[in-house]
1. Tell me the residue from B:Thr111, B:Thr76 that is hydroxyl-bearing (Ser, Thr, Tyr), within 14 Å of another protein chain (Cβ to nearest Cβ) and assigned to a strand (DSSP E or B), please.
2. Being charged (D, E, K, R), over 16 Å from the mean Cα position of the chain (by Cα) and either crowded, with 16+ Cβ neighbours inside 10 Å or at pLDDT 95 or above (or both): is that true of B:Arg138 here?
3. Yes or no: segment A:28-38 includes at least one residue that is surrounded by fewer than 24 Cβ atoms within 10 Å (Cβ to Cβ), closer than 17 Å to A:Thr103 by Cβ, free of Cβ contacts under 8 Å to residues at least 60 places away in the same chain and among the basic types (Lys, Arg).
4. In this structure, is B:Ser71 outside any strand (DSSP E or B), within 15 Å of the chain's Cα centre (by Cα) and within 14 Å of another protein chain (Cβ to nearest Cβ)?
5. Given (1) more than 19 Å from B:Met105 (Cβ to Cβ); (2) touching a residue at least 40 places away in the same chain (Cβ under 8 Å); (3) not β-branched (Val, Ile, Thr), identify the lone condition not met by B:Gly27.
6. If you take the residues in segment A:62-108 that are in contact with a Gly (Cβ under 7 Å, 6 or more places away or on another chain) and in a loop (DSSP other than H, G, I, E, B), which one is farthest from B:His144 (Cα to Cα)?
7. Does B:Leu64 meet the test of being under 19 Å from A:Gly70 (Cα atoms), at the interface with another protein chain (Cβ under 10 Å from one of its Cβ atoms) and surrounded by 21 or more Cβ atoms within 10 Å (Cβ to Cβ)?
8. Of all residues in segment A:48-61, how many are among the aliphatic types (A, V, I, L, M), part of a strand (DSSP E or B) and at the interface with chain B (Cβ under 7 Å from one of its Cβ atoms)?
Amino acid sequence: MRSEPMDSTISSRTFIEALPFSKALGMKLEAIGEGHAIISMPYDERLIGDPRTGVIHGGAVSALMDTTSGASVMSAKGGSGVTATLDLRIDYMRPARPGQRITCEAFCYHTTRTVAFVRATAMDEEDGSQVASSVGAFTFQRKEARS
Amino acid sequence: MSGANRPEPVQVVKERRDRALHALVAGVPYISFLGIEFDRKGDELTAILPYRDAHIGNPVLPALHGGATASFLEVTAIVGLGWSILWEEIETGAVDLAEIGPDWMPRLPKTIDMTVDYLRTGLPRDAYARARVNRSGRRYASVHVEAWQDNRARLFAQATGHFLMPTRD
């Protein structure tokens, strides 16, 4: 995810949901603030990766985790709201259940002057069982660094 | 293959390989959703992600969404690995070629994990990627993918992933 600073007139919700690719995947911002973000994505047949089972493609789950992780960095304390992904590792624990909305929760757990570190998990709708987890490094800029 | 020493006519060979590749790719909705295409030269595949406005993450720059890039790399890795398995099967005759029709679907590898490096901003133009299967065992495989836009040597993203091999039945 690559994003520009949030203009004070645009809410973070509008901003994240308006990213064309996030919008194409139907992502919905559930919560954001203080280095924490929750974004969900509905089940959609166009996102199927395995036609035999109807399971959503891992790439779509990656997109959700990248967006949520980036959103947590944008809301991190002292940050300028600008970020880009440096790297993202995703572990797929088990297939997401067909028909269910996937919810991702990300924590930006540490920032330095230039880098933000993020952990995220993605869960099924029904019993909240974990589908995937990720760790990533993102670019970070302190607010005062921008004039 | 005939018992004589004469090689098969080129169009027969091409038609068989293209049919197998089509069977691997056409049935996956997410590949069409992204508009990804595959160019085949012998057994070498190049994945193409034609630019679409819907792939943008940052409308201000504009730049490709990291999720679109990650998806492109993962699709390239799975198809690349699936293709290397299928290639063996069709070239050795392990798969009955008459079976490969619109309803026939090869089994796909499953992603265990994937690490994506974002090296440069993804520009609003076509992107290309190639997968290299570094190890392919009975159960697990390790695949590396490189993606570029204008210059083959200037990668904008790369990824390494581990995959569970499809079970044969």
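The values are calculated or read from the model by the stated rules, or taken from the named source; none is laboratory data. Note that this is a predicted model, so its numbers are computed, not measured. Glycine also receives a Cβ, built like all others from the backbone with ideal geometry; neighbour counts cover every protein chain displayed.
1. B:Thr111
2. It is false that B:Arg138 is charged (D, E, K, R), over 16 Å from the mean Cα position of the chain (by Cα) and either crowded, with 16+ Cβ neighbours inside 10 Å or at pLDDT 95 or above (or both).
3. Start the filter on segment A:28-38 by keeping residues that are surrounded by fewer than 24 Cβ atoms within 10 Å (Cβ to Cβ), which leaves A:28-36, A:38.
Cutting the leftovers down to closer than 17 Å to A:Thr103 by Cβ gives us A:28-33, A:36, A:38.
Filter again for free of Cβ contacts under 8 Å to residues at least 60 places away in the same chain, leaving A:28-29, A:31-33.
Among the residues that remain, those that are also among the basic types (Lys, Arg) are: A:28.
Yes: segment A:28-38 contains one or more residues that are surrounded by fewer than 24 Cβ atoms within 10 Å (Cβ to Cβ), closer than 17 Å to A:Thr103 by Cβ, free of Cβ contacts under 8 Å to residues at least 60 places away in the same chain and among the basic types (Lys, Arg).
4. Judged against the criteria, B:Ser71 is a match.
5. Tallying (1) more than 19 Å from B:Met105 (Cβ to Cβ); (2) touching a residue at least 40 places away in the same chain (Cβ under 8 Å); (3) not β-branched (Val, Ile, Thr), B:Gly27 fails exactly one: (1).
6. Checking each candidate, the answer is A:Lys77.
7. Spelling it out, B:Leu64 is indeed under 19 Å from A:Gly70 (Cα atoms), at the interface with another protein chain (Cβ under 10 Å from one of its Cβ atoms) and surrounded by 21 or more Cβ atoms within 10 Å (Cβ to Cβ).
8. Matching residues across segment A:48-61 total 1.
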